[in-house]
1. Can you find a residue that is over 30 Å from LEU390 (Cβ atoms) and part of a strand (DSSP E or B) anywhere in the stretch 110-125?
2. Against the definition (within 12 Å of LEU274 (Cβ to Cβ), open to solvent by less than 40 Å² (accessible area, probe 1.4 Å) and in contact (Cβ under 8 Å) with a residue 12 or more places away in the chain), how does ALA158 come out, yes or no?
3. Looking at this structure, is ALA183 at pLDDT 85 or above, open to solvent by less than 30 Å² (accessible area, probe 1.4 Å), closer than 30 Å to ASP284 by Cβ and aliphatic (A, V, I, L, M)?
4. May I ask you to list pairs of residues, at least six apart or on different chains, whose Cβ atoms are under 6 Å apart, with the first in the stretch 326-353 being over 23 Å from GLY377 (Cα atoms) and touching a residue at least 12 places away in the same chain (Cβ under 8 Å) and the second being small (Gly, Ala, Ser) and assigned to a strand (DSSP E or B)?
5. Would you be able to tell me the number of residues in the stretch 329-377 that are among the basic types (Lys, Arg), touching a helix residue (DSSP H, G or I) at 6+ places or on another chain (Cβ under 9 Å) and assigned to a helix (DSSP H, G or I)?
6. PRO410: surrounded by fewer than 16 Cβ atoms within 10 Å (Cβ to Cβ) and touching a helix residue (DSSP H, G or I) at 6+ places or on another chain (Cβ under 8 Å), yes or no?
7. Go through the stretch 164-199 and count every residue that is part of a strand (DSSP E or B) and either touching a residue at least 40 places away in the same chain (Cβ under 8 Å) or of a type in the set (Phe, Trp, Tyr) (or both).
8. (1) surrounded by 20 or more Cβ atoms within 10 Å (Cβ to Cβ); (2) without any contact (Cβ under 8 Å) to a residue 24 or more places away in the chain; (3) farther than 25 Å from TYR568 by Cα: which one isn't true of GLU539, the others all being true?
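The values are calculated or read from the model by the stated rules, or taken from the named source; none is laboratory data. Keep in mind it's a predicted model, so treat the numbers as computed, not measured. Cβ: placed from backbone, ideal geometry, glycine included. Neighbour counts: every protein chain shown. Side chains are part of the model used for accessible areas, which takes the heavy atoms of the whole protein and leaves out ligands, DNA and RNA. Shrake-Rupley method; radii C 1.70, N 1.55, O 1.52, S 1.80 Å.
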Amino acid sequence: MASKKREVQLQTVINSQSLWDEMLQNKGLTVIDVYQAWCGPCKAMQTLFRKLKNELNEDEILHFAVAEADSIVTLQSFRDKCEPVFLFSLNGKIIAKIQGANAPLVNKKVISLVNEEKKIAAGEMVRPQYHEILLADSDSEDAGDAQYESAEEQYSIAIIKPDAVRKALEIKENITNAGFVIATEDKTVLTEEQVRDFYSAMEDQPDFEEFLSFMTTGLSYVLVISHGSKEQESWEELQPESEPKEPSEDQPEVEAKPPPRVTRKKWDSLQEYLERQHVSQFCDVEEDVTNVSKFMDIFFPDFKKMKGMKLEKTLALLRPDLFQERTDEVLNIIENEGFKILMQRQVVLSEEEAKTLCKEYENEDYYGKLIENMTRGPSLALVLLRGNGLQHWKQLLGPRTVEEANEHFPQSLCAQFATESLPVNQLYGSDSSETAEREIQHFFPPQNTLAVIKPHVTREQREEILRSIKENGFDLTQVKEMLLTQERADKIYSKITGKDFYKDVLEMLSEGPSLVMAMTKWNAVAEWRRLMGPTDPEEARLLSPDSIRAQFGISTLKNAVHGSSTAYDAFECIGRLFEESVPQIPEKN
């Protein structure tokens with residue numbers, strides 16, 4: 001607990017049931033940040049708490065604490081939940097709860113309760129009768145004062161098979177239209193072990209090995225599908241709205257009743273629904289509670305830990321002065337705050353780009369100087385990923401100006417990394433998911449590349465290579481296992497078909513099927529070539545020991561993988577092999 005000692009002055013650390021019981025003896029209001037041991041307290045809210053403590057100056061009335069749910073029996077219902085939760089204890093009773101790092105709502109709640117306590121102490125009002133929240137039964141999403149209600153959510157696991165991936169969007173729309181919710185999904189090439197586990201009931205069938213090969217040589221979608229809570233009220237069949245009747249002349253006019261609520265049927269079984277929709281042959285479902293839990297751990301090992309925490313991407317930008325002087329410090333904070341850096345690049349902004357990113361300052365006297373500063377040297381653009389990433393990054397950044405940050409949020413990145421050159425925040429973050437998507441597409445435009453896993457690679461090695469591809473941020477868009485005949489090989493190796501050694505390449509490719517893939521990522525061609533490593537595996541083991549060829553290559557000919565050398569070559573090869581067009585033709589280099 002050494003890392004939490006710095007918080008004691010502002011927030012009392014509660015990490016046992018006895019300390020929790022002791023905290024309940026506090027007079028006045030105690031705001032409690034309930035956290036999981038693996039992720040720690042919500043640092044982003046500490047600046048707000050410090051501001052409230054300083055401005056309200058009510059040490060006898062207002063207290064702050066952090067409570068570790070894992071070690072306190074009373075808080076067991078908050079375990080295995082990732083979203084921040086703030087409880088409000090008033091004279092020993094938990095009377096309110098707010099989910100999420102919602103600073104404005106927390107601020108409003110604290111000020112309201114403290115003002116009430118001051119009026120009560122002055123005899124200006126009678127103490128309200130608050131409804132006490134019973135934590136043992138808590139699992140509600142309500143962010144107000146209402147008591148929690150226990151509701152266990154039901155899930156299914158569904159696999160959209162390789163021959164139905166093109167229908168995936170239609171199948172998913174069918175699922176959501178029926179009232180189910182797709183909690184998370186992954187597009188992947190299943191491993192042999194995953195297929196054997198999921199389809200264990202049919203393993204004794206004579207054609208299972210053929211089915212296994214089919215399921216492990218193409219893309220599949222794996223979905224976690226929520227049915228809602230067990231206690232959720234069942235919906236009725238869809239009913240047409242009834243037209244309100246006009247009162248007759250000899251009848252008194254009565255208050256019109258609203259038409260019956262139009263609802264859809266709430267399906268208990270996803271399998272039954274898919275069969276009714278005639279798509280069950282494309283999508284296999286597991287609904288047994290025990291098996292679903294097991295397969296969640298297999299396909300989505302972090303799902304239970306991250307439940308309730310929406311993974312979000314955001315664009316982050318270090319302005320030129322900060323990028324030149326203190327980049328490492330910023331990157332360390334980003335890592336410590338739980339962000340994953342998916343992509344990064346240096347970029348010299350055009351005047352138009354700078355004006356777009358600095359639009360909030362356009363009415364300030366220093367706007368012209370800011371645009372000049374933003375375009376005179378490289379900035380560092382980053383794509384960050386984290387649970388509730390957009391909100392968390394904006395809270396870390398703090399206000400738009402250094403003056404406001406120094407006055408109200410001294411712990412914010414704006415205050416920490418202020419420079420003398422300009423009175424603005426030296427870091428930028430997207431203000432919405434739509435803006436983030438648009439900005440990421442702009443600064444990190446996706447590119448296609450072709451990748452081939454060669455025949456000599458074992459199935460186990462292939463699975464490791466696919467795992468590495470996924471971990472490095474590539475999106476597999478098309479996958480096909482095929483024997484690369486000379487006709488097909490000529491489409492991939494068109495630049496060397498006239499070379500003397502090409503016959504050796506053809507002989508190597510004829511030894512068995514290759515896995516051919518179309519992959520998408522920003523700067524995909526160069527990134528894939530970097531991940532592959534040098535052509536000669538011996539050289540790769542010296543210069544790039546973590547590369548694919550260093551790990552799985554045997555010789556220059558049998559070096560495990562192949563990749564396109566340019567974006568144009570990738571476009572040509574993907575079009576020839578998959579007979580599908582690529583969205584945008586790159587310029588030929």
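1. So far as the stretch 110-125 goes, no, none of its residues is over 30 Å from LEU390 (Cβ atoms) and part of a strand (DSSP E or B).
2. So ALA158 fits the description; yes.
3. Considered against the rule, which asks whether it is at pLDDT 85 or above, open to solvent by less than 30 Å² (accessible area, probe 1.4 Å), closer than 30 Å to ASP284 by Cβ and aliphatic (A, V, I, L, M), ALA183 comes out as no.
4. Close Cβ pairs (under 6 Å, with a partner that is small (Gly, Ala, Ser) and assigned to a strand (DSSP E or B)) do not exist here.
5. 1
6. yes
7. 7
8. Among (1) surrounded by 20 or more Cβ atoms within 10 Å (Cβ to Cβ); (2) without any contact (Cβ under 8 Å) to a residue 24 or more places away in the chain; (3) farther than 25 Å from TYR568 by Cα, the lone unmet condition for GLU539 is (1).
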